[in-house]
Amino acid sequence: MPSIITHAAVPLALWCAADRGRISPRLLGAGVIAAMLPDADVLAFALHIPYADAFGHRGASHSLLFACVLAALAAVLAFFGSRRPWSAPPCQPRLASTVQAAVFVFVCAASHPLLDALTSGGLGVALAWPWSEHRFFAPWRPIRVSPFAPQFFSARGLATLLSELRWVWLPLAGAVVAWKLIQPAPAAPRDPS
């Protein structure tokens with residue numbers, strides 16, 4: 001897996017690329033949580049669930065179904081969470097903000113197994129669970145797999161962070177800058193007089 005920190009790169013990049021105020025701080029927080037949450041399955045090791053089990057590491061919580069469940073939860077919270085939807089700018093209709101919350105959280109959650117599939121180790125990710133327990137790898141795997149907590153603060157952990165900087169953070173930062181550069185300049189407000 002990339003380190004837990006790097007899974008936050010996708011929601012942060014989307015937030016940076018969006019128009020100011022388009023993604024609320026609460027929605028950004030939900031996206032960061034959704035991007036990191038699949039790795040809660042490391043608790044399976046403490047419960048003696050085998051790595052290759054459907055509920056082991058990179059199993060069910062790394063599936064697209066799990067991302068859909070998180071997206072549905074975000075939609076419910078956005079729609080019913082408060083008088084004004086938590087994901088919405090003040091002028092955005094409730095349905096649009098609900099859809100925005102669901103799509104944003106889905107993309108953030110789905111980015112987790114896709115990044116994990118790009119790593120150099122592990123058993124792959126169960127993207128198609130529960131329909132298939134096959135573990136998938138990307139055909140190209142440039143990101144060094146992150147060591148678990150005790151070994152993270154070692155030479156191997158540093159090599160992983162440098163790999164993530166090269167293959168995740170810098171490309172996303174470049175994409176955000178490129179996106180901002182091709183966006184048209186906002187129209188100047190008209191003087192009513």
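Data table
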item: Residue among Val168, Val42, Val145 with the largest mean-square fluctuation in a Gaussian network model of the chain, springs linking Cα atoms under 10 Å; result: Val42
item: FRET efficiency for Leu65 and Arg94, using Cβ-Cβ distance with R0 set to 35 Å, rounded to 0.05; result: 0.85
item: Top of Ser63, Ser120, Ser154 by mean-square fluctuation, Gaussian network on the chain, Cα under 10 Å; result: Ser154
item: Length gained when the stretch Ala72-Ala173 is fully extended (0.36 nm per residue, less Cα-Cα span); result: 33.5 nm
item: Length-normalised contact order of the chain in % [C-alpha pairs under 8 Å, at least 6 apart]; result: 26 percent
item: Förster radius 30 Å - calculated FRET efficiency between Trp140 and Arg22 (Cβ-Cβ, nearest 0.05); result: 0.40
item: GNM top mover of Arg20, Arg144, Arg135 - the chain, alpha-carbon springs below 10 Å; result: Arg20
item: Label-point gap, in nm, between Ala40 and Phe80 - each point 7 angstrom along Cα→Cβ; result: 1.9 nm
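Values quoted throughout were computed directly from the atomic coordinates according to the rules given, and no laboratory measurement underlies them. Bear in mind the structure is a predicted one, so any value in this text is a computation, not a measurement. Glycine also receives a Cβ, built like all others from the backbone with ideal geometry; neighbour counts cover every protein chain displayed.
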